[in-house]
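Asker: So that we are looking at the same thing, I have put the structure below in structure tokens.
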Amino acid sequence: MGYTRRQALKAGGSLGLFSALVALGLVKPGDAWAQAWNKGVFETKSVADALKALGASAPTMTADVIVTAPDIAENGAMVNVAAVSKLPKTQQIAYLIEKNPNTVTAVFDIPPGTLPEVQTRVKMGQTSNVMVLVKADGKYYAAQKEVKVTVGGCGG
Amino acid sequence: MADPMKIRAALQGDVVEVRVLMAHEMETGTRKDASGKVIPAHFIQTVSATHNGNTVFSAHWGPAIAKNPFLQFKFKGGSKGDKVQITWTDNQGDKRTDEATIS
């Protein structure tokens, strides 16, 4: 079969063919995750919707997920947020910003061998809770921190 | 083609710490220009990092990541002199790959 994955994706378009290809072993699910950007997840407008879209309806609040962000961000256009998970088998880390136009900001995939520690800069429109959602061993955990924003970074 | 990324990969003990600074507008699609027209969204959607052909990290981003995104992550199993490749793709189909040597 001379099908490359790209051609398959292009030709497919339908989920049915795609999952068939996955089943055949032509396409690795891991690759698909790395490629397909999930529009539904990133267009959610509330924490509840975002959790539903990510498949985590009721995450357990835990102290094993550490969110490091400033208490007061002078400039909402650049807020440094770091997340560290102490939970074993952490598979995924997601950033959710409650009061941004779209709640889900980032989803990080942590393969085995990679430490569950990420740091990046986000934009915040206004003072809001920053929630870090961690998927570990198939279960969801979360921790959050409030960041006060004095100048918004989302324009308008 | 966008400007190159700045990538630093440093070995500390058995952990490689990778820091990436990408050059990208990260336009949210909610801002308006002087004439009141909405500036179309233009942001990085996926980022992936590979080491020796294995994906060691991948991320999906929304438009709320800050302009000129900074990213830091750590992985095990790298050694000095190995290459780490980072690739990003944005919502307009633009793409860029850069690599760095672990020091």
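Asker: For the stretch B:42-71, which positions are surrounded by fewer than 16 Cβ atoms within 10 Å (Cβ to Cβ) and part of a strand (DSSP E or B)?
Answerer: Once the filter is applied, which keeps residues that are surrounded by fewer than 16 Cβ atoms within 10 Å (Cβ to Cβ) and part of a strand (DSSP E or B), the stretch B:42-71 yields only B:N54.
Asker: Quick check on my filter: what residues within the stretch A:40-51 are out of contact with any strand residue (DSSP E or B) (no Cβ under 8 Å at 6 or more places or on another chain) and more than 15 Å from A:E98 (Cβ to Cβ)? Even if it seems obvious, please write down each step before you answer.
Answerer: First, pick out the residues of the stretch A:40-51 that are out of contact with any strand residue (DSSP E or B) (no Cβ under 8 Å at 6 or more places or on another chain): A:40, A:43, A:45-46, A:48-49.
Result: A:G40, A:E43.
Asker: So which of B:S48, B:S35 ends up being hydroxyl-bearing (S, T, Y) and under 24 Å from B:K76 (Cβ atoms)? Talk me through it step by step, then tell me what you get.
Answerer: Numbers: B:S35 fails: under 24 Å from B:K76 (Cβ atoms).
Answer to the check: B:S48.
Asker: Let me ask something else. Could you run through the stretch B:72-90 and say how many residues are part of a strand (DSSP E or B), charged (D, E, K, R) and open to solvent by 10 Å² or more (accessible area, probe 1.4 Å)? Steps first, please.
Answerer: At the first step, the residues of the stretch B:72-90 found to be part of a strand (DSSP E or B) are B:72-76, B:83-90.
With the extra rule that they be charged (D, E, K, R), the set shrinks to B:74, B:76, B:83, B:90.
Applying the additional criterion that residues be open to solvent by 10 Å² or more (accessible area, probe 1.4 Å) yields B:74, B:76, B:83.
Count: 3.
Asker: Among the numbered conditions (1) over 20 Å from A:Q92 (Cα atoms); (2) open to solvent by 20 Å² or more (accessible area, probe 1.4 Å); (3) touching a residue at least 40 places away in the same chain (Cβ under 8 Å); (4) within 12 Å of chain A (Cβ to nearest Cβ), tell me where B:T30 comes up short.
Answerer: The number of the failed condition is (3).
Asker: Also, quick follow-up: So B:L11 ticks every box in (1) open to solvent by 20 Å² or more (accessible area, probe 1.4 Å); (2) in contact (Cβ under 8 Å) with a residue 24 or more places away in the chain; (3) within 11 Å of chain A (Cβ to nearest Cβ) but one. Which box is left unticked?
Answerer: Single failed check for B:L11: (3).
Asker: Still on this model: Please tell me if B:G93 is open to solvent by 30 Å² or more (accessible area, probe 1.4 Å) and part of a loop (DSSP other than H, G, I, E, B).
Answerer: On the way: open to solvent by 30 Å² or more (accessible area, probe 1.4 Å): yes; part of a loop (DSSP other than H, G, I, E, B): yes.
The answer is yes for B:G93.
Asker: Which one of A:D109, A:D71, A:D49, A:D64 is open to solvent by 80 Å² or more (accessible area, probe 1.4 Å), modelled with pLDDT of 90 or more and assigned by TED's automatic domain parsing to the domain that holds A:A142?
Answerer: Details: A:D109 fails: open to solvent by 80 Å² or more (accessible area, probe 1.4 Å); A:D49 fails: open to solvent by 80 Å² or more (accessible area, probe 1.4 Å); A:D64 fails: open to solvent by 80 Å² or more (accessible area, probe 1.4 Å).
Being open to solvent by 80 Å² or more (accessible area, probe 1.4 Å), modelled with pLDDT of 90 or more and assigned by TED's automatic domain parsing to the domain that holds A:A142 holds for just one of A:D109, A:D71, A:D49, A:D64, which is A:D71.
Asker: Pairs only if they're at least six apart or on different chains, beta carbon under 8 angstrom, first in the stretch B:63-78 and facing another protein chain (nearest Cβ under 7 Å) and under 15 Å from B:D14 (Cβ atoms), second open to solvent by 10 Å² or more (accessible area, probe 1.4 Å) and small (G, A, S); list them, first residue then second.
Answerer: B:F75/A:G113; B:K76/A:G113; B:G77/A:G113
Asker: Follow-up. Just for strands (runs of 3 or more DSSP E) wholly inside the stretch A:95-156: which have at least 3 residues that are more than 13 Å from chain B (Cβ to nearest Cβ)? Explain how you work it out, then say what you get.
Answerer: On the way: elements: A:104-109, A:114-122, A:128-136, A:139-149.
Filter on the stretch A:95-156 gives A:128-136, A:139-149.
The values are calculated or read from the model by the stated rules, or taken from the named source; none is laboratory data. No experiment lies behind these values; they were computed from the predicted model shown. All Cβ positions, glycine included, derive from the backbone under ideal geometry; neighbour counts span all protein chains shown. Ligands, DNA and RNA are stripped out before the accessible areas are found, and what is left, the full protein with its side chains, is counted by its heavy atoms. Shrake-Rupley method; radii C 1.70, N 1.55, O 1.52, S 1.80 Å.
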